[in-house]
Amino acid sequence: MFLAVFKEFAHPEVLAQVEQGNICRVDRATEPCTLAKSEEELAVVSRNAKLFIDDETTSEEEVEATLEALCKLGFTVTNRHPVTSAGCPMRDRVILSYTA
């Protein structure tokens, strides 16, 4: 599993805690987000993250433990299984927001 964030994520200290605690890998974008233009969009980019479950053999218990650890650091689950534009659930990802 890995936690993906935009370069603009405003809490690098939390990402360091995620890595130091071996909760999951962290993948921070190397380039700025070019799609976020408004203040509201930039605010979302600065606090949102996406947990990718990159291995089909990862158990639901492992996912739950990872989410619990991330929530203890101040993340909240925004969308457990987002859907594609065609309405198909993406079971391999969870959208989170840092709210602490």
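The values are calculated or read from the model by the stated rules, or taken from the named source; none is laboratory data. Please read these numbers as outputs of a predicted model, since none were measured by experiment. Glycine gets a Cβ as well: all are built from the backbone with ideal geometry, and neighbour counts include every protein chain shown.
Just name the residue that is farthest from Cys71 (Cα to Cα) out of those in the range 40-57 that are part of a strand (DSSP E or B) and among the hydrophobic types (A, V, I, L, M, F, W, C). It would help to see each step written out before you state the result.
First, pick out the residues of the range 40-57 that are part of a strand (DSSP E or B): 48-52.
Next cut, among the hydrophobic types (A, V, I, L, M, F, W, C) only: 49, 51-52.
Working: Ala49: 12, Leu51: 12, Phe52: 16 Å.
The qualifying residue farthest from Cys71 (Cα to Cα) is Phe52.
Can you tell me which residue is farthest from Gly74 (Cα to Cα) among those in the range 2-14 that are touching a strand residue (DSSP E or B) at 6+ places or on another chain (Cβ under 9 Å) and in a helix (DSSP H, G or I)?
Looking only at the range 2-14, we keep the residues that are touching a strand residue (DSSP E or B) at 6+ places or on another chain (Cβ under 9 Å), and these are 2-7, 9-12, 14.
Those still in the list that are in a helix (DSSP H, G or I) too: 12, 14.
Numbers: Pro12: 13, Val14: 9 Å.
By that ranking, first place goes to Pro12.
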Take Ile53 and decide whether it is touching a strand residue (DSSP E or B) at 6+ places or on another chain (Cβ under 8 Å), under 18 Å from His11 (Cα atoms) and surrounded by 12 or more Cβ atoms within 10 Å (Cβ to Cβ). no
Condition set free of Cβ contacts under 8 Å to residues at least 24 places away in the same chain and among the charged types (D, E, K, R), scope the range 11-27, selection nearest to Thr66 (Cα to Cα): answer is Glu19
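In this structure, does Ala65 turn out to be surrounded by 14 or more Cβ atoms within 10 Å (Cβ to Cβ), outside any loop (DSSP other than H, G, I, E, B) and of a type in the set (Gly, Ala, Ser)? Before the answer, list the steps.
Values: surrounded by 14 or more Cβ atoms within 10 Å (Cβ to Cβ): no; outside any loop (DSSP other than H, G, I, E, B): yes; of a type in the set (Gly, Ala, Ser): yes.
No; evaluated as a whole, the condition is false for this residue.
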Quick one: how many residues across the range 68-100 are in contact with a Leu (Cβ under 8 Å, 6 or more places away or on another chain), farther than 13 Å from Ile53 by Cβ and of a type in the set (Lys, Arg)? 0
Please verify whether Thr78 is modelled with pLDDT of 95 or more, under 15 Å from the mean Cα position of the chain (by Cα) and not in a helix (DSSP H, G or I), treating the condition exactly as stated. yes
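Among the residues of the range 15-39, write down those that are assigned to a helix (DSSP H, G or I) and within 23 Å of His81 (Cα to Cα). Lay out the reasoning, then the answer.
Residues of the range 15-39 that are assigned to a helix (DSSP H, G or I), as a first pass: 15-20, 39.
Those that are assigned to a helix (DSSP H, G or I) and within 23 Å of His81 (Cα to Cα): Leu15, Val18.
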Looking for something surrounded by fewer than 16 Cβ atoms within 10 Å (Cβ to Cβ) and aliphatic (A, V, I, L, M) - is there at least one such residue anywhere in the range 17-30? yes
